[in-house]
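Heads up: the structure comes next, in structure tokens.
The values are calculated or read from the model by the stated rules, or taken from the named source; none is laboratory data. Everything numeric in this text was worked out from a predicted model, so none of it was measured. Please note: Cβ atoms are built from the backbone with ideal geometry, for glycine as well, and neighbour counts cover all protein chains shown. Protein only, heavy atoms only, side chains kept; ligands, DNA and RNA dropped before computing areas. Shrake-Rupley method; radii C 1.70, N 1.55, O 1.52, S 1.80 Å.
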Amino acid sequence: MEKLAIAIDGPAGAGKSTISKLVANRINLNYIDTGAMYRAITYKVINNGIEFDDKVEIIKLLNSTSIDFNHNHIYLDGKNVDKEIRENKISKNVSYIAKIKEVREKMVEIQRKIASNKSVIMDGRDIGTHVLPKADFKFYINASVEERGRRRYEELKEKNFDTTLEKIIEEIKNRDRIDSTREISPLRKSEDAFEIDTTNLTIDQVVDKIIKTIEKRRE
Ligand code: CDP
């Protein structure tokens, strides 16, 4: 089979990662979670006590940082940080780090390198517009902000995280605002992306839609 690249973009909590993982398993692709990379560097910035607006220190830190994937697990300087990067403290602050030009350049370089030698389904904010503009398929996954907030809230509740639905919706709105108004490759739907509103769809329905779209065009 020839090499395939699928780009999945959309705002926080739209279901991108759950859906991408399932599609990856169904049609045998490597799943690349680019959000995890921005989360990993944010985790390191916080651990080093660096302020989010201290670009000089952040860039210095970036230059002595390695981020990579091994079998769907994320490694920061050789250490697995799957769990740590999902903490709400990271979710709340990642967009401040992800808007820094030098951070984005380094992450995009790693992302393109990964996609250059294997078939991938890559999810994020700028995959169809910037990272893989020539992807074979592009999807933009969306849902109402209330539904996205509800999903994220359920996830956090399962982990016994003490918060409220209102707070989570506000945090998501804030993140969407920063992600879509930033200067460098903001979140937006690529013109040639196929949009799926998942507000009233089950995960399986979305996965089926994506697989059907791919199979139809490849017949
Ligand atoms: O899973 P969730 O939708 O909450 O977020 P994520 O995909 O883990 O991404 C976390 C954050 O990283 C986003 O809110 C963006 O600020 C940033 N990000 C980005 O700027 N570009 C990407 N390609 C992926 C994530």
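Brief remarks on what is shown
- Remark: region 86-163 carries a charge dipole of roughly 200 debye about the Cα centre, counting +1 on each Lys and Arg Cβ and -1 on each Asp and Glu Cβ.
- Pairs with C-alpha atoms separated by more than 32 Å, drawn from the list Lys3/Lys89; Lys21/Lys167; Lys21/Lys92, are Lys3/Lys89.
- With semi-axes defined as the square roots of five times the eigenvalues of the C-alpha gyration tensor, the equivalent ellipsoid of the chain measures 26, 22, 16 Å, largest first.
- DSSP-defined antiparallel bridges as percent of all bridges, the chain, nearest 5: 25 percent
- Summary of the geometry: region 1-80 and region 157-196, compared by the centres of their Cα atoms, lie 16 Å apart.
- Label-to-label distance, Asn174 versus Glu109, with points set 7 angstrom from Cα along the beta-carbon direction: 3.2 nm.
- Anchor Lys157: aspartates and glutamates whose Cα lies under 19 Å away (excluding residues fewer than 8 positions away in-chain): Asp82, Glu84, Glu87, Glu146, Glu147, Glu166, Glu170, Glu171
- Modelled label positions at Lys79 and Lys216, each set 7 Å beyond Cα in the direction of Cβ, lie 4.8 nm from each other.
- A straight chain from Lys134 to Arg188 at 0.36 nm per residue would run longer than the Cα-Cα distance by 17.8 nm.
- Sequence-separation-based contact order of region 5-212, relative, with Cα cut under 8 Å and 6+ spacing, percent: 35 percent
- Considering only Leu165, Leu201, Ser185, the residue lying farthest towards the positive end of the dipole of the chain is Ser185, judged by Cα position with unit charges set on Cβ.
- Cα lying deepest toward the dipole's positive end in the chain, options Asn142, Ile114, Asn88, charges on Cβ: Ile114
- Each Lys and Arg contributes +1 and each Asp and Glu -1, all at the Cβ; summed about the Cα centre of region 5-212, the dipole is approximately 280 debye.
- For the chain, calculated [θ]222 nm from helices alone, where every DSSP H run of n ≥ 4 adds -39500 (n - 2.57): -16000 deg cm²/dmol
- Cα-only radius of gyration and Dmax that characterise region 136-219, units Å: 15.5, 49
- Accessible surface of region 5-212, 1.4 Å probe, proportion on carbon and sulfur as whole %: 47 percent
- Neighbourhood net charge (14 Å Cβ-Cβ; Lys/Arg +1, Asp/Glu -1) for Ile210: +1
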